[in-house]
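One structure is given here, and the rest of the page talks about it.
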Amino acid sequence: MQSMRNWATRYVPWVGLVGILGSSQHAAAGDYEGSPQVAQFVGEMTRDYGFAGEQLMGVFREVERKQSILDAISRPAEKVKSWKDYRPIFITDARIARGVDFWRQHEVALARAEQEYGVPASVIVSIIGVETFFGRNTGNYRVIDALSTLAFDYPARADFFRKELREFLLMSREEQLDPLTIKGSYAGAMGLPQFMPSSFRAYAVDFDGDGHINIWSDPDDAIGSVASYFQRHGWVAGEPVVSQATVRGDQADSGLSPGIDPVKTVGELRALGWSSHDALRDDMPVTAFRLDGANGPEYWIGLKNFYAITRYNRSVMYAMAVHQLADLLVQARGNK
């Protein structure tokens, strides 16, 4: 279970958190004690969102600046893996087996999410599997440490992380959570589906109807929240995700999309020597991409639901891993 001090404190109103966290007069000076940036931020939260300034300063007195977070986010990007190297990271027998078990354990919630949001249960299970191995790897940093470190000591993306810190504090107040105990990734992503605070507030749902949204230790809420996210990002029920293509001619590679957005059409690809393995309308907007597979180059046409997956993580290979793991989960579940 996600660490939240204890179940009783989870629902204590924010006005009582100073007592839980310790009186500000007696709190040890933290890494952000006396920081002008923090003082300005607290002033904004007080003015714009009605927080009690001294209470919020008491929280920040316990916040720790984490050099390991700055090291992780500043580390030069690793050499981009090819698809033949990337795919085996997420498509494993262990992940498939655990996914089948997770599906069986939460079959009722998954079926309801599919019915209400139009997102296949297999895709929901696959996202949770890719993101956290079904809750095994949800992150060990306090979210407030991660977001504060990046908001106040990482100028390259300070604006983004200040926004997420604001959303995190609002989320903590709304859900009556102790902001000093919520854990997540080094970038502040949280729970089984690894939602950033802004995504939590925009898309997470109380899927089990207990009056609170808990994506850390309540699989039902995590399931419903993933389905909600995809529906809000354009998932179309019953439509395919990708179509493999055969290419011919020396103009084929000029059909590759420059990025992830679907700026090409099927008709444009046909004119450049692409032929889809499925029946697709010429006017369909798509993302065309090539992957270096184990058996050579693979050409793919990403459809609207593929683009919806990339809204979760803007990576073609990520979206393909989610899609293929989802298909394998369906097959394994049927065989089992």
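The values are calculated or read from the model by the stated rules, or taken from the named source; none is laboratory data. Note that the coordinates shown come from a computational prediction; the quantities given were computed from them, not determined experimentally. Cβ: placed from backbone, ideal geometry, glycine included. Neighbour counts: every protein chain shown.
For the range 176-188, does any single residue satisfy the condition of being buried (at least 22 other Cβ atoms within 10 Å of the Cβ), modelled with pLDDT of 95 or more and under 30 Å from residue 292 (Cβ atoms)?
no
Taking into account only those residues within the range 191-238 that are part of a loop (DSSP other than H, G, I, E, B) and charged (D, E, K, R), which is nearest to residue 303 (Cα to Cα)?
Only one residue tops the list, namely 206.
Taking the range 295-336 as the search range and keeping residues that are basic (Lys, Arg) and part of a loop (DSSP other than H, G, I, E, B), which one is modelled with the lowest pLDDT?
First pass over the range 295-336, keeping only residues basic (Lys, Arg): 304, 311, 314, 333, 336.
Subsequent filtering for residues that are part of a loop (DSSP other than H, G, I, E, B) retains 311, 314, 336.
Numbers: 311: 97, 314: 95, 336: 63.
By that ranking, first place goes to 336.
Taking the stated definitions as given, is residue 299 of a type in the set (Phe, Trp, Tyr) and closer than 14 Å to residue 262 by Cα? Before you say what the answer is, go through the steps one by one.
Working: of a type in the set (Phe, Trp, Tyr): yes; closer than 14 Å to residue 262 by Cα: no.
So residue 299 does not fit the description; no.
Can you report the number of residues in the range 228-256 which are buried (at least 18 other Cβ atoms within 10 Å of the Cβ) and in contact (Cβ under 8 Å) with a residue 40 or more places away in the chain? Write out each step before concluding.
Filtering the range 228-256 for residues buried (at least 18 other Cβ atoms within 10 Å of the Cβ) gives 228-231, 235, 241-243, 245, 247, 252, 255.
Imposing the further condition that a residue be in contact (Cβ under 8 Å) with a residue 40 or more places away in the chain reduces the set to 228-231, 235, 241-243, 245, 247, 252.
The qualifying residues number 11.
In this structure, is residue 94 free of Cβ contacts under 8 Å to residues at least 24 places away in the same chain and farther than 17 Å from residue 217 by Cα? Steps first, answer last, please.
Working: free of Cβ contacts under 8 Å to residues at least 24 places away in the same chain: yes; farther than 17 Å from residue 217 by Cα: yes.
Considered against the rule, which asks whether it is free of Cβ contacts under 8 Å to residues at least 24 places away in the same chain and farther than 17 Å from residue 217 by Cα, residue 94 comes out as yes.
Take residue 287 and tell me if it is surrounded by 20 or more Cβ atoms within 10 Å (Cβ to Cβ), farther than 24 Å from residue 191 by Cα and either of a type in the set (Ser, Thr, Tyr) or touching a residue at least 12 places away in the same chain (Cβ under 8 Å) (or both). Talk me through it step by step, then tell me what you get.
Working: surrounded by 20 or more Cβ atoms within 10 Å (Cβ to Cβ): yes; farther than 24 Å from residue 191 by Cα: yes; either of a type in the set (Ser, Thr, Tyr) or touching a residue at least 12 places away in the same chain (Cβ under 8 Å) (or both): yes.
Judged against the criteria, residue 287 is a match.
Determine the pairs where a residue that is free of Cβ contacts under 8 Å to residues at least 60 places away in the same chain, located within the range 44-70, has a partner that is in a helix (DSSP H, G or I) and small (Gly, Ala, Ser) with Cβ atoms under 6 Å apart, the partner being 6 or more residues away or on another chain.
Pairs found: 46/53.
Answer yes or no as to whether residue 75 is buried (at least 16 other Cβ atoms within 10 Å of the Cβ), of a type outside the set (Phe, Trp, Tyr) and either out of contact with any His (no Cβ under 6 Å at 6 or more places or on another chain) or free of Cβ contacts under 8 Å to residues at least 60 places away in the same chain (or both). Working first, answer last.
Values: buried (at least 16 other Cβ atoms within 10 Å of the Cβ): no; of a type outside the set (Phe, Trp, Tyr): yes; either out of contact with any His (no Cβ under 6 Å at 6 or more places or on another chain) or free of Cβ contacts under 8 Å to residues at least 60 places away in the same chain (or both): yes.
So residue 75 does not fit the description; no.
Which of the residues spanning the range 246-273 are of a type in the set (A, V, I, L, M, F, W, C) and farther than 10 Å from residue 286 by Cβ?
Pass one, the range 246-273, residues of a type in the set (A, V, I, L, M, F, W, C): 247, 252, 256, 260, 263, 266, 269, 271-272.
247, 252, 256, 260, 271, 272, listed by residue number.
Tell me which of these residue 90 doesn't satisfy, since it passes every other one: (1) out of contact with any Phe, Trp or Tyr (no Cβ under 7 Å at 6 or more places or on another chain); (2) farther than 25 Å from residue 297 by Cα; (3) crowded, with 16+ Cβ neighbours inside 10 Å.
The failed condition is (2).
Taking into account only those residues within the range 46-56 that are assigned to a helix (DSSP H, G or I) and either charged (D, E, K, R) or crowded, with 19+ Cβ neighbours inside 10 Å (or both), which is farthest from the chain's Cα centre (by Cα)?
Kept after step one, since they are assigned to a helix (DSSP H, G or I), are these residues of the range 46-56: 46-49, 53-56.
Imposing the further condition that a residue be either charged (D, E, K, R) or crowded, with 19+ Cβ neighbours inside 10 Å (or both) reduces the set to 47-48, 54, 56.
On the way: 47: 30, 48: 27, 54: 32, 56: 27 Å.
Looking at residues that are assigned to a helix (DSSP H, G or I) and either charged (D, E, K, R) or crowded, with 19+ Cβ neighbours inside 10 Å (or both), I get 54.
From 133, 152, grab the single residue that is among the aromatic types (Phe, Trp, Tyr), over 15 Å from residue 228 (Cβ atoms) and more than 17 Å from the chain's Cα centre (by Cα).
Values: 133 fails: more than 17 Å from the chain's Cα centre (by Cα).
Unique residue meeting the criteria: 152.
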